[in-house]
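**Student:** Handing you this structure, nothing more for now.
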């Protein structure tokens, strides 16, 4: 069977450890918070769809010295060098199709996107190039022109990219000297952090990217969006009894808000999506 037509639901390959752990966390989440059970089941299907498609090892697209020079100049790694990273278009298409198929039961518009990808009307690889080149409006415009909700298009593209991008981020991490990247945006793709980790026994702060799963050192008393460091303009909100596990960090200067999760170890790529669901109640604290 060609990879372009590969379907993770047609057989039962052994899931990678990070996927197994994420699925177990989803099962526990559904048991302890029944109101999230339907969403947890959908997310489990989507994670299987994305992470069971075979993923090749992506080559580093630029010389390490060039990457370090780019980071030092404030340029994200994916935009360093003469050409962007090369993603396997067939793998990306296969994951996109599998994710759409997993979403059809809960989002009828996913069937429309599925057909456009299958027919070749939508080129997910071209969408990925635009998104990683910081042209997300191009993806939204193309989707809208086809009658596809932009939010759905962005979600499917993110899920289709995450397995490859997270592997690429893992390969880039050892090349980046500690403390070299002090910006609030992602050192690899340039996107904003999707959450912050208070990691380990010392609760050291790390920011995490929701697109490529990169992590980089942050500061507890600095807003990643505007750089504000005045503690009087930075505060937290949290649900009763959860202040030691989940919090919502807020910056009064720019209005930026970021979820903060306490964890002993770095959260895996699929685990980031599980945490997003587990902390959805913090969105009610925004405002």
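The values are calculated or read from the model by the stated rules, or taken from the named source; none is laboratory data. Quantities reported herein were computed from a predicted structural model and do not represent experimental measurements. Positions of Cβ are backbone-derived with ideal geometry, glycine not excepted, and every protein chain shown enters the neighbour counts.
**Student:** Restricting attention to the stretch 30-44, which residues are surrounded by 19 or more Cβ atoms within 10 Å (Cβ to Cβ) and either touching a strand residue (DSSP E or B) at 6+ places or on another chain (Cβ under 7 Å) or touching a residue at least 12 places away in the same chain (Cβ under 8 Å) (or both)? Give the steps one after another, and end with the answer.
**Tutor:** In the first step, residues of the stretch 30-44 are kept if they are surrounded by 19 or more Cβ atoms within 10 Å (Cβ to Cβ); the result is 30, 40, 43-44.
Hits for the stretch 30-44 are 40, 43, 44.
**Student:** If you scan the stretch 1-22, which residues turn out to be more than 30 Å from residue 84 (Cβ to Cβ) and either surrounded by 19 or more Cβ atoms within 10 Å (Cβ to Cβ) or modelled with pLDDT under 80 (or both)? Before you say what the answer is, go through the steps one by one.
**Tutor:** Taking the stretch 1-22 first, the residues more than 30 Å from residue 84 (Cβ to Cβ) are 9-12, 14, 20-21.
Scanning the stretch 1-22 gives 9, 10, 11, 12, 14.
**Student:** I've got another one for you. Identify, from the list 114, 43, the residue that is farther than 17 Å from residue 190 by Cβ and under 20 Å from the mean Cα position of the chain (by Cα). Spell out the reasoning first.
**Tutor:** On the way: 114 fails: under 20 Å from the mean Cα position of the chain (by Cα).
Only one candidate qualifies: 43.
**Student:** If you don't mind, another one. For the structure I just gave you, tell me whether residue 45 is at pLDDT 95 or above, in a helix (DSSP H, G or I) and in contact with a helix residue (DSSP H, G or I) (Cβ under 6 Å, 6 or more places away or on another chain).
**Tutor:** Details: at pLDDT 95 or above: yes; in a helix (DSSP H, G or I): yes; in contact with a helix residue (DSSP H, G or I) (Cβ under 6 Å, 6 or more places away or on another chain): yes.
Here the answer is yes, as residue 45 does meet what is asked.
**Student:** Go through the stretch 54-71 and give me each residue that's outside any loop (DSSP other than H, G, I, E, B) and within 21 Å of the chain's Cα centre (by Cα). Give the steps one after another, and end with the answer.
**Tutor:** The initial filter retains those residues of the stretch 54-71 that are outside any loop (DSSP other than H, G, I, E, B), namely 64-71.
Of everything in the stretch 54-71, just one residue is outside any loop (DSSP other than H, G, I, E, B) and within 21 Å of the chain's Cα centre (by Cα), namely 71.
**Student:** In addition: Among the residues of the stretch 74-89 satisfying the criterion of being buried (at least 21 other Cβ atoms within 10 Å of the Cβ) and not in a loop (DSSP other than H, G, I, E, B), which is modelled with the lowest pLDDT?
**Tutor:** 78
**Student:** Could you pull out the residue among 166, 194 that is closer than 17 Å to residue 266 by Cα and in contact with a strand residue (DSSP E or B) (Cβ under 7 Å, 6 or more places away or on another chain)?
**Tutor:** So the residue among 166, 194 that is closer than 17 Å to residue 266 by Cα and in contact with a strand residue (DSSP E or B) (Cβ under 7 Å, 6 or more places away or on another chain) is 194.
Table: residues versus (1) touching a residue at least 40 places away in the same chain (Cβ under 8 Å); (2) surrounded by fewer than 16 Cβ atoms within 10 Å (Cβ to Cβ).
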site: 229; (1), (2): no, yes
site: 241; (1), (2): no, yes
site: 246; (1), (2): no, no
site: 252; (1), (2): no, yes
site: 258; (1), (2): yes, no
site: 265; (1), (2): yes, yes
site: 268; (1), (2): yes, no
